[in-house]
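Rule-based calculations on the coordinates, nothing more; no lab input. In this text, all values refer to a predicted model and were calculated from it rather than measured experimentally. Ideal geometry is used to build each Cβ from the backbone, glycine not excepted, and the neighbour counts take in all protein chains shown.
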Amino acid sequence: MWWIIAAAGAGFAWSVKDTPPQPSPSIALRKPGLWALGASTTAYVGLAAMQGFHDRCTDGSYSRSLKKKKEEYILRRSSPLVSHRGLSLTMVGLNLAVFMHCQSAPRKLWRLADSPSGTWTLLTCAFCHKDIQHLSANMASLVPEIPHMLQVCGQSPYQFIAFYVSAAIFSSYAQRAVSYIRWTQRWTSRFGVGTPLSMGASGVAMAVFAASCFAQPSWASPSFLLSTLTLGWQVTNDLNGLFYSDEAIGFAAHLAGAAFGAMYAYFNADCYIWSKLVRLFSGIRSGRNLPKPPTQTIHHDNLDLNEIVRRLNESA
């Protein structure tokens, strides 16, 4: 029987030798952190440039139409006045398309899900879902808050997409950092066993919900108080799960998304960051560069003083 033990030991040593070691902190956290910062900044500035060029092509009428929609939303609080249906269908369609793509082969899901050795997966994992229940729960919590989130974004679909991408990357990176630190504390991580994977749009949904809490016209309104209490309850549950639960739930992604959305809305990034970037790329500053109507020059024949007085008396 001794040869069985020897063979098992040799096989284990061979498998450990061929198993890729755990990625270093530089590969798992530092490089992806730089990528996350660069990708979110590029997406944010690039989409602001697209809106700026759109505004330039329409001589500023696009920004004025967004401002009018924002005022109507505040006055009437009527969601049909806000063109959010197309945006909602786009977000649901993207998540559903990725889900159907991954269902055709499980390997596709693992390639798009976030792992400690990936960089661009910080974004793609926000569109991946494990099953239809996971997808339905995230979409059910995301779609109803899109009209309120558009109000935070000044009714700009460009800004909403920039916020969505940035929140997805930020929440995914937070979840990776927590999962990687916990994984490296296990002895199985030395053999590359149990590599943590994260997926889902729950971090983005929390960011959208947290930001929409500050979209209320009055902070004393019942809807604002109800939304704030719900957000506080959810954050408390996520904190409890982060420190005391071993469930495979992205508690860190939820908390990071909530923090990102709350700060974005509370510090009014639409006014202090986005609007300035749009004006920079559009070249329209307070209407000074708007095209002016041509001045009309009236040509008069050489009239004597008596003729001028006569015409003035007739016009009077």
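What the table shows:
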item	result
Peptide ranges 90-97, 32-39, 155-162 listed from the most packed, as the mean C-beta count within 10 angstrom indicates	155-162, 32-39, 90-97
Kirkwood-type radius of segment 101-145, with distances r between different C-alpha atoms, in Å	11.4
Net length gained if the chain between T41 and L239 were fully extended (0.36 nm per residue, minus Cα distance)	68.5 nm
Backbone HN-Hα couplings from phi across segment 200-213 [Karplus 6.51/-1.76/1.60, Hz, Gly and Pro as x]	x, 9, 5, x, 5, 4, 5, 5, 5, 5, 5, 5, 5, 4
